[in-house]
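Notes to accompany the following structure.
Every read-out reported here was derived from the displayed coordinates using simple, explicitly stated rules and does not represent laboratory data. Quick caveat, the model's predicted, so the values are computed rather than measured. Every residue, glycine among them, receives a Cβ derived from its backbone with ideal geometry; neighbour counts consider all protein chains shown.
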Amino acid sequence: MSHSLTFSKQAYSLEAIKRAAYRFSDRLSVEIIPHDEVTECVCSFLNVCSDDEAQRTLASFRTEVLDHDLRLTIAKETEPMRNAILAYAFSKTGLQGSE
Amino acid sequence: MHSPRPGFRAVSKFESLFAYEKPLTDGYKLLPFRFTPFDDQNYVLTNQVGEFLVLDRPTVETFVRHHLPADNPAYNDLKSKHFLLDSDSSVGIDLLALKARTKLRRFANFTGLHMFVVSLRCDHSCPYCQVSRQSDDKIAYDMSTETAEKSLELVFRSPSPNIKIEFQGGEPLLNFPLIKFIVERAKSINELQKRNLQFVIATNLANINDEMLEFCRVHNILISTSLDGPADLHNKNRPRPGNDSYQRTIEGINRVRSTLGRNQVNALMTTSKASLGRVKDIIDEYVRQDFNGIFLRTMSPYGFAIKTKWYEAYHSNEWLKFYFDGLDYILELNRAGHVFVEYYAAIILAKMLTPFEPGFVDLRSPAGIGIGAIIYNYDGDVYASDEGRMLAEMGDKTFLLGNVHKNTYEEIILSDALLAPIEESFAASVPMCTDCAFEPFCGANPVFHHATTGDFVGHKPTSEFCEKSMGIFRHLIELMRSDVEVRRIFTKWANQAC
């Protein structure tokens with residue numbers, strides 16, 4: 001049996017949804033279908049489970065998508081800082097190229 | 001009231017309270033970090049160097065959205081652990097860069113551990129053995145002096161200032177003349193090389209004699225042996241003719257201590273199905289034998305452990321319960337005043353609580369294969385790791401890098417067999433690991449994933465390595481959160497493991 005979840009394209013990136021789908025691939029097979037306004041996820045459970053369990057898993061999947069959205073925000077915002085810290089960390093080692 | 005002298009600026013020992021009450025309007029910048037659900041309410045956050053915090057989900061979201069006020073209790077924790085940068089944390093970047101450089105410095109040293117399989121022969125027939133052994137009368141499975149000489153040439157091509165040569169088997173003492181040759185030759189080469197050179201013999205001690213002990217004493221050689229627990233369990237796990245493995249091991253440990261010194265011998269255990277309900281007995285045995293700690297090791301999916309199906313005999317959940325029960329018991333001992341360490345936890349805690357990277361091969365990313373440790377087999381074949389050699393004994397030569405008689409150092413170290421698994425399994429660019437807050441404590445382990453799933457990365461949501469590792473990371477953090485005394489004990493362990 002499959003369940004359909006939708007995510008607003010304005011609020012959630014495709015990347016966040018894909019990452020969440022991978023994270024849940026031990027429990028769910030997720031088909032991702034982009035529409036004009038929303039991204040639809042058709043979720044099929046890999047093993048038989050009760051309705052309660054199914055609802056809990058789907059709710060966790062929604063939270064996971066939101067988590068990945070936050071992670072992408074952090075990654076984007078901190079990318080220059082991440083590179084700067086590593087460049088600074090190795091600035092005196094002589095390991096960098098001369099360019 | 002005195003006025004300050006020219007050029008002298010009066011300072012107070014502490015900043016005023018006002019200095020700590022940062023106005024919201026100043027704002028803050030996020031520093032790189034990851035987060036992962038910890039329990040139903042909380043998330044664990046780790047920064048670029050593995051410093052961690054546990055915060056509830058609303059706080060994390062508020063923080064990421066730049067709405068966390070400076071008077072929130074989490075603000076100073078986030079600031080002091082380098083998760084944010086504000087206008088008065090000017091040294092934050094310098095400190096973080098220093099810690100990052102310290103964490104990564106081991107990688108620049110390159111290969112430090114060089115393992116020599118001097119013989120594949122063994123007098124034991126352990127069903128969980130990770131190496132397919134040969135009976136002890138087959139000289140064909142001994143390393144030759146020519147192969148040893150060629151291997152030593154490669155050892156000293158490594159730029160590492162610290163070189164550890166470990167003799168492995170089979171049972172290496174069955175080819176003791178070659179051990180003598182390698183030690184003496186390596187020391188001779190090192191007179192010019194001036195490396196920090198160490199030797200270890202991994203032996204079951206069943207055949208150690210006075211000549212061997214005297215040689216180990218003269219050359220300051222460490223002994224690493226196997227002790228699986230009390231006599232009945234040890235002998236069940238480690239059968240040999242006469243069923244006297246335990247007796248020989250204990251006698252050997254005592255002889256090593258009396259000749260070389262108490263701390264010149266260490267022991268390792270492997271968890272079999274029969275060990276599962278007996279973690280206290282096993283730890284008590286280590287206490288009785290006067291060891292300072294124990295390494296509670298799971299079984300590995302290689303060699304005879306697969307052929308005999310011993311590897312499949314228990315699930316990772318059962319091993320985690322065994323491990324957690326053992327850790328609880330060890331903490332009880334410490335609380336009662338008996339200083340005793342669980343070494344696997346100590347390695348992980350060093351990653352969590354110190355700026356240092358202990359360099360344990362299974363918990364490194366990029367993977368430690370080849371660049372952290374390398375193995376020279378009895379026949380001259382070079383493998384990226386001991387586990388890679390074990391796979392080869394099962395017919396899978398994926399991690400064969402070359403042969404000391406046929407290939408140069410450059411050909412071996414730059415081979416696709418080494419570079420491909422290191423590059424593909426690099427945790428910072430692997431699905432799920434890239435987002436995982438536990439990544440700074442974890443490792444890539446491409447050999448395990450290749451052995452169990454057929455590719456270097458594996459499928460993380462179902463990976464047994466992930467399940468065991470994350471189970472332990474969560475447990476250690478939870479223990480520290482719930483008990484200040486445990487935090488104090490763990491900090492000591494962490495500092496010892498660096």
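Numbers at a glance
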quantity: Cα gyration tensor category, rounded, prolate or oblate, for chain A with a/c compared to 1.5; calculated: prolate
quantity: R0 of 30 Å, Cβ-Cβ distance B:LEU98-A:LEU72: FRET efficiency to nearest 0.05; calculated: 0.60
quantity: Region B:28-103: mean projected area of Cα convex hull, nm²; calculated: 4.8
quantity: Beta bridge orientation in region B:28-103: antiparallel %, DSSP, nearest 5; calculated: 100
quantity: nm² value of the averaged projected area, convex hull over the Cα atoms of region B:96-189; calculated: 8.0
quantity: Whether region B:231-276 is rounded, prolate or oblate, judged on the alpha carbon gyration tensor where a/c under 1.5 counts as rounded; calculated: oblate
quantity: Above-threshold pairs, the threshold being 26 Å between Cα atoms, out of A:LYS76/B:LYS79; A:LYS76/B:LYS99; A:LYS18/B:LYS99; calculated: A:LYS18/B:LYS99
quantity: Separation of the B:ARG262 and A:SER44 label points, Cα + 7 Å toward Cβ, nm; calculated: 6.4
quantity: C-alpha long axis of helix B:145-155 to longest principal axis of chain B, angle in °; calculated: 10
quantity: Calculated FRET value between B:ASN254 and B:TYR409, using beta carbons and R₀ = 51 Å, to 0.05; calculated: 0.75
quantity: P(r) histogram, all alpha-carbon pairs of chain B included - 20 Å bins from 0, percent; calculated: 21, 52, 22, 5, 0
quantity: Environment charge of B:ILE189, counting only residues whose C-beta is closer than 14 Å and scoring Lys/Arg +1, Asp/Glu -1; calculated: +2
quantity: Note, ³J(HN,Hα) from phi for region B:261-273, Karplus 6.51, -1.76, 1.60, rounded to Hz, x at Gly and Pro; calculated: x, 4, 8, 8, 10, 10, 10, 10, 10, 10, 8, 9, 4
quantity: Whole-angstrom gap from region A:18-86 to region B:281-297, using each part's C-alpha centre; calculated: 44
quantity: Those Cys residues of chain B for which no other cysteine Cβ falls under 4.7 Å; calculated: B:CYS122, B:CYS216, B:CYS433, B:CYS436, B:CYS442, B:CYS466, B:CYS498
quantity: Rounded to 10°, Cα long-axis angle of helix B:245-260 versus longest principal axis of chain B; calculated: 70
quantity: Coordinate range along principal axes, alpha carbons of region B:116-245, Å, largest first; calculated: 49, 29, 27
quantity: Spacing of the two label points (7 Å from each Cα toward its C-beta) at A:HIS3 and B:GLU149, in nm; calculated: 7.1
quantity: Inter-centroid distance (Cα atoms) of region B:26-78 relative to region B:384-411, Å; calculated: 45
quantity: Helix B:316-335 vs. chain B, principal-axis angle (Cα, 0 to 90°, nearest 10); calculated: 70
quantity: Among the listed pairs B:LYS180/B:LYS406; B:LYS236/B:LYS351; B:LYS187/B:LYS397, those beyond 28 Å (Cα-Cα); calculated: B:LYS236/B:LYS351; B:LYS187/B:LYS397
quantity: Computed Kirkwood radius, in angstrom, where 1/r is averaged over Cα pairs of the protein assembly as shown; calculated: 26.7
quantity: Computed helical MRE - 222 nm, chain B, DSSP H runs ≥ 4 contributing -39500 (n - 2.57), nearest 500; calculated: -12500 deg cm²/dmol
quantity: Over chain A: helical MRE at 222 nm, DSSP H runs n ≥ 4 each giving -39500 (n - 2.57), nearest 500; calculated: -17500 deg cm²/dmol
quantity: Net charge of neighbours whose Cβ lies under 10 Å from the Cβ of B:ASP290, counting Lys and Arg as +1 and Asp and Glu as -1; calculated: +3
quantity: Among beta bridges that DSSP assigns inside chain B, antiparallel share in %, nearest 5; calculated: 40
quantity: Fraction of beta bridges assigned by DSSP in the protein assembly as shown that are antiparallel (%, nearest 5); calculated: 55
